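The values are calculated or read from the model by the stated rules, or taken from the named source; none is laboratory data. Keep in mind that this is a model prediction, so the values were computed, not measured. All Cβ positions, even for glycine, are placed from backbone atoms using ideal geometry, and neighbour counts span all protein chains on display.
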Amino acid sequence: MYSIEEIKELIQAVDESSVGELEIRNDMKEKVTIRKEAAMRPVAEQTAAPAPQPVAQPAPQPSETKKEEGPKDSRMKEADSNYYEITSPMVGTFYRSPSPEAGAYVEKGAAIKPDTIVCIVEAMKLMNELEAEVTGEIAEILVEDGELVEYGQPLFRVNPS
């Protein structure tokens, strides 16, 4: 049987990770299952919670003084003075197309508008379509199809127009 200390350590490890459920069995067929509360909630397929609304901001002028910046609430951020990065609003799997048979939403050099869907980030079986939220041209695609992405990870570099 597992000791209370071992179980507490397992709970803490699951709590501090992105794992939603952990099941462990020992040689005596004893089993311990630890689930996070969010992992126990039923989730309807193909419905997505609203993503945070990004705000495109112009690049600072060289004469402006730098202010300390806190975490950005937006999934758009400045990459440098000429580009914006579209970042992931959540942890999940990045997909360039709506299905394996379909073509990619956007390619390098594609003209985009704020309502252009650029990709899908799948999280917990929910397919979340991401809109560009900026007018411009895709300068670079920074992740591969099917790649796991983190919150705030840059997905696309955009040359705004």
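Structure notes:
- Residues of region 130-150 that turn out to be part of a loop (DSSP other than H, G, I, E, B) and in contact with a strand residue (DSSP E or B) (Cβ under 8 Å, 6 or more places away or on another chain), as a count: 10
The rows are residues; the columns are (1) within 23 Å of residue 19 (Cβ to Cβ); (2) surrounded by 14 or more Cβ atoms within 10 Å (Cβ to Cβ); (3) over 13 Å from the mean Cα position of the chain (by Cα); (4) not assigned by TED's automatic domain parsing to the domain that holds residue 18.
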{"residue": "86", "(1), (2), (3), (4)": "no, yes, no, yes"}
{"residue": "92", "(1), (2), (3), (4)": "yes, yes, no, yes"}
{"residue": "95", "(1), (2), (3), (4)": "yes, yes, no, yes"}
{"residue": "129", "(1), (2), (3), (4)": "no, yes, no, yes"}
{"residue": "132", "(1), (2), (3), (4)": "no, yes, yes, yes"}
{"residue": "137", "(1), (2), (3), (4)": "no, yes, yes, yes"}
{"residue": "141", "(1), (2), (3), (4)": "no, yes, yes, yes"}
{"residue": "155", "(1), (2), (3), (4)": "no, yes, no, yes"}
